[in-house]
Amino acid sequence: MKKCLAFAVVFGLVLGFGGMVKEGDSNTLTVSAVVSGTCKFSSGSSSLDFGALDPSSGSDVIASTTTNFWCTKGVTTDVIAAGQGLNWSGSYRQMSGPSGEVIPYELVLTPDGNTNQGPTLPRTLTISGTVSGTDYLSKRAGNYSDTVTLTIIP
């Protein structure tokens, strides 16, 4: 009888615990992020080389180069601007040379017509420059240079 009573108590406890109602609760989690609209040049500095300017020709010299840049996919208002350069005269850029002489030049920046697709599909920027033949006819022989900062404005 003691065995039956012990069995009944254990069985009752098992049923009692097993029959307990457990209540839970739930909650929602919002996950978010923001992809920055940004633009960057893909490579370091670029170089625009007019080469040797021959005063005997007096011809305008045109040079061009390209560089790559990218903007976040969906950014639609990318503007690329050229700074004034180190030798700006108030109305034009100038390359500085020997004895403080300068040679003016013009720049034109032309981005390709593609849409922005991010860094895996960079775009091409063509940089063209012109030195007028009359601007270097009476200049000293030597090296002339300037540094211009290019900026992408998304």
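The values are calculated or read from the model by the stated rules, or taken from the named source; none is laboratory data. Since we're looking at a predicted model, the values are computed, not measured. We place every Cβ from the backbone using ideal geometry, glycine too, and count neighbours over all the protein chains shown.
Annotation: of all residues in region 41-78 being acidic (Asp, Glu) and modelled with pLDDT of 90 or more, the one that is farthest from residue 117 (Cα to Cα) is 54.
Checking residue 128 against (1) surrounded by 14 or more Cβ atoms within 10 Å (Cβ to Cβ); (2) among the hydroxyl-bearing types (Ser, Thr, Tyr); (3) out of contact with any strand residue (DSSP E or B) (no Cβ under 8 Å at 6 or more places or on another chain), only one condition comes out false. Which one? Of everything listed in (1) surrounded by 14 or more Cβ atoms within 10 Å (Cβ to Cβ); (2) among the hydroxyl-bearing types (Ser, Thr, Tyr); (3) out of contact with any strand residue (DSSP E or B) (no Cβ under 8 Å at 6 or more places or on another chain), residue 128 misses just condition (3).
Criterion first (in a strand (DSSP E or B) and over 15 Å from residue 41 (Cα atoms)) does residue 142 satisfy it? Taking the combined requirement at face value, the residue does not satisfy it. Criterion applied to 63, 52 was being loosely packed, with under 14 Cβ neighbours inside 10 Å and among the aliphatic types (A, V, I, L, M), and the one residue passing it is 52. In region 94-114, of all residues being part of a helix (DSSP H, G or I) and touching a residue at least 24 places away in the same chain (Cβ under 8 Å), the one that is surrounded by the most Cβ atoms within 10 Å (Cβ to Cβ) corresponds to 98. When each of 135, 146 is tested for being under 26 Å from residue 57 (Cβ atoms), surrounded by 15 or more Cβ atoms within 10 Å (Cβ to Cβ) and either basic (Lys, Arg) or within 26 Å of the chain's Cα centre (by Cα) (or both), the lone residue that passes is 146. Scanning region 40-80 for residues that are among the aliphatic types (A, V, I, L, M) and not in a strand (DSSP E or B) yields 48, 52, 53, 75. Does region 131-138 contain at least one residue that is in contact (Cβ under 8 Å) with a residue 60 or more places away in the chain and among the β-branched types (Val, Ile, Thr)? Yes, region 131-138 contains a residue that is in contact (Cβ under 8 Å) with a residue 60 or more places away in the chain and among the β-branched types (Val, Ile, Thr). Among all residues of region 108-125, there is none that is farther than 30 Å from residue 36 by Cα, modelled with pLDDT of 95 or more, among the aliphatic types (A, V, I, L, M) and over 18 Å from the mean Cα position of the chain (by Cα).
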